[in-house]
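Structure first, commentary second.
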Amino acid sequence: MMDLQWRAMFSAGLDEATSGELHGFAREAVAHSLRPNVSDFFPALAAADLQRVRRGFATHLARVYRLIDQQIEQRRRARQAGDGDARKDDLLDVMLDMSEEQGGKDVDDGLVNQDFMRAFFTDIFLAANDTVSGTIEWAMAELLQDPQSMTKLQQELKSVVGSKTHVEYSDIDQLPYLQAVVKETLRLHAVVPLVPNKAEATVKIQGHTVPKGSTVLVNVWAVHHDTEAWPEPNKFIPERFLQHEQEVSFQGAADFRFVPFSAGRRTCLGLPMATRMIHAMLGSLLHCFEWKLPHEVERSGVDMSEKVGITMAMATPLQAIACRRI
């Protein structure tokens, strides 16, 4: 996941040592964010950083910033030198184009400056690792317990993808059942079950006053398990997304029953990248391999209990056996 994300952002791979280091930081970042911090409850003490949360986080963050700065500087110098091979049409090129449009050649000018790009890439990088891999793991767990859905999806992949070794982004629109499986997985297992927002003004909602500046937690898990919106909400039924008269999209703008990436102006920035990667990776895994559960897991059943942190992961990591399809 980390290597794929890095390539999408910078058209460059990660060596094993750097990938391991970044993975360790991502895990540490999540651990830091989940630790109770006295500064959150007593803002007057925030500057003291009594529990060294800020300092510990900053140490790891500095390494990520250096790696990102290297990519930005190398690409910017190559573009300024007129190197014909400098342009990769990746996310970094998009950001540099925006920076040049706003502030000329100086990367520190304008809104999309080096600080902005550094923070943006870090957010995207940290946010997508556990969310994408977690969604794929939940989907595999559900499909391994539902042979009928697994067979139906693999037949669709065979008819559309054919002899290709993997699913390409251009295939996704022709794979409605794969899309339904991904949507049902995100409905049943909201990767980010509680989405924080801050009230920009004092508002009243159904008789309740929400003061300006309040932190509001949107319970996505509860929305996706509402019995009025979703019959048999605890069952894995991908077909429910094929039966709607109008397509239920990931955007959540017109249909607030399904908001896995939030909605409106607070829609997740990584939505386009995440949805492409989830469909392509899950589809490729199911197209290239036949899957089965180990005997001991098959006997005892897959543990579908949840471990909630910033993301909702499987409490017991999924074990499955892959056999290459002939």
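Only one residue in PHE10, PHE42 is closer than 24 Å to ILE136 by Cα and either touching a Pro at 6+ places or on another chain (Cβ under 9 Å) or at pLDDT 75 or above (or both). Which one? Can you show your working first?
Values: PHE42 fails: closer than 24 Å to ILE136 by Cα.
Among PHE10, PHE42, only PHE10 is closer than 24 Å to ILE136 by Cα and either touching a Pro at 6+ places or on another chain (Cβ under 9 Å) or at pLDDT 75 or above (or both).
Looking at segment 29-36, is at least one residue modelled with pLDDT under 80 and outside any helix (DSSP H, G or I)?
yes
Counting only residues that are surrounded by fewer than 16 Cβ atoms within 10 Å (Cβ to Cβ) and of a type in the set (A, V, I, L, M), which one in segment 61-84 is nearest to the chain's Cα centre (by Cα)?
Among residues in segment 61-84 that are surrounded by fewer than 16 Cβ atoms within 10 Å (Cβ to Cβ) and of a type in the set (A, V, I, L, M), the one nearest to the chain's Cα centre (by Cα) is ALA62.
Hey, does segment 95-106 have a residue that's of a type in the set (A, V, I, L, M, F, W, C), in contact with a Cys (Cβ under 8 Å, 6 or more places away or on another chain), assigned to a helix (DSSP H, G or I) and crowded, with 19+ Cβ neighbours inside 10 Å? Break it down stepwise before answering.
Filtering segment 95-106 down to residues of a type in the set (A, V, I, L, M, F, W, C) leaves 95-96, 98.
Retained after the next criterion (residues that are in contact with a Cys (Cβ under 8 Å, 6 or more places away or on another chain)): none.
Checked against the condition, which is being of a type in the set (A, V, I, L, M, F, W, C), in contact with a Cys (Cβ under 8 Å, 6 or more places away or on another chain), assigned to a helix (DSSP H, G or I) and crowded, with 19+ Cβ neighbours inside 10 Å, segment 95-106 yields no hits at all.
In segment 302-326, how many are more than 29 Å from LYS158 (Cβ to Cβ), modelled with pLDDT under 95 and of a type outside the set (Ser, Thr, Tyr)?
Going through segment 302-326 one residue at a time, the tally reaches 8.
Name every residue in segment 295-305 that is surrounded by fewer than 15 Cβ atoms within 10 Å (Cβ to Cβ) and within 25 Å of ASN234 (Cβ to Cβ), in order of residue number.
Of all residues in segment 295-305, those surrounded by fewer than 15 Cβ atoms within 10 Å (Cβ to Cβ) come to 295-296, 298-301, 303, 305.
GLU298, ARG299, SER300, GLY301, ASP303, SER305 - these are the residues of segment 295-305 that are surrounded by fewer than 15 Cβ atoms within 10 Å (Cβ to Cβ) and within 25 Å of ASN234 (Cβ to Cβ).
Tally up the residues in segment 18-28 that are at pLDDT below 75 and surrounded by 14 or more Cβ atoms within 10 Å (Cβ to Cβ), please.
The number of residues fulfilling the criteria is 1.
Give me the pairs, please: first residue somewhere in segment 203-222 and at negative phi and surrounded by 12 or more Cβ atoms within 10 Å (Cβ to Cβ), second residue anywhere and part of a strand (DSSP E or B) and charged (D, E, K, R), beta-carbon distance under 8 Å, and either six or more positions apart or on two chains.
Correct list of pairs: VAL210/LYS204; SER214/LYS198; VAL216/LYS198.
I'd like the full set of residues that are at negative phi and under 29 Å from the mean Cα position of the chain (by Cα), limited to segment 42-60.
VAL53, ARG54, ARG55, GLY56, PHE57, ALA58, THR59, HIS60
Name the single residue, out of those in segment 175-201 being touching a Gly at 6+ places or on another chain (Cβ under 9 Å) and over 22 Å from LEU143 (Cβ atoms), that is surrounded by the fewest Cβ atoms within 10 Å (Cβ to Cβ).
Checking each candidate, the answer is GLU200.
Mind checking which strands (runs of 3 or more DSSP E) fall wholly inside segment 210-326 and carry at least 3 residues that are under 20 Å from the mean Cα position of the chain (by Cα) and hydroxyl-bearing (Ser, Thr, Tyr)?
Values: elements: 215-219, 289-292, 306-308, 312-314, 321-324.
Per the criteria, no element qualifies.
Residues of segment 226-262 being at pLDDT 85 or above, under 18 Å from VAL192 (Cα atoms) and either surrounded by 15 or more Cβ atoms within 10 Å (Cβ to Cβ) or in contact with a Cys (Cβ under 9 Å, 6 or more places away or on another chain) (or both), which ones?
PRO233, PHE258, VAL259, PRO260, PHE261, SER262
Working only within segment 174-206, note down all residues that are more than 20 Å from the chain's Cα centre (by Cα) and either within 14 Å of ILE278 (Cβ to Cβ) or not β-branched (Val, Ile, Thr) (or both). Show your work before the answer.
Of the residues in segment 174-206, the ones more than 20 Å from the chain's Cα centre (by Cα) are 174-177, 198-206.
Result: GLN174, LEU175, PRO176, TYR177, LYS198, ALA199, GLU200, ALA201, LYS204, GLN206.
Report yes if ARG276 is farther than 30 Å from ALA199 by Cα, touching a residue at least 24 places away in the same chain (Cβ under 8 Å) and not hydroxyl-bearing (Ser, Thr, Tyr), otherwise no.
Criteria met by ARG276.
Among the residues of segment 107-125, count how many are surrounded by 17 or more Cβ atoms within 10 Å (Cβ to Cβ) and at pLDDT below 80.
1
The values are calculated or read from the model by the stated rules, or taken from the named source; none is laboratory data. As the structure is a prediction and not an experimental result, all values here were calculated from the model. Cβ atoms come from the backbone with ideal geometry, glycine included; neighbour counts cover every protein chain shown.
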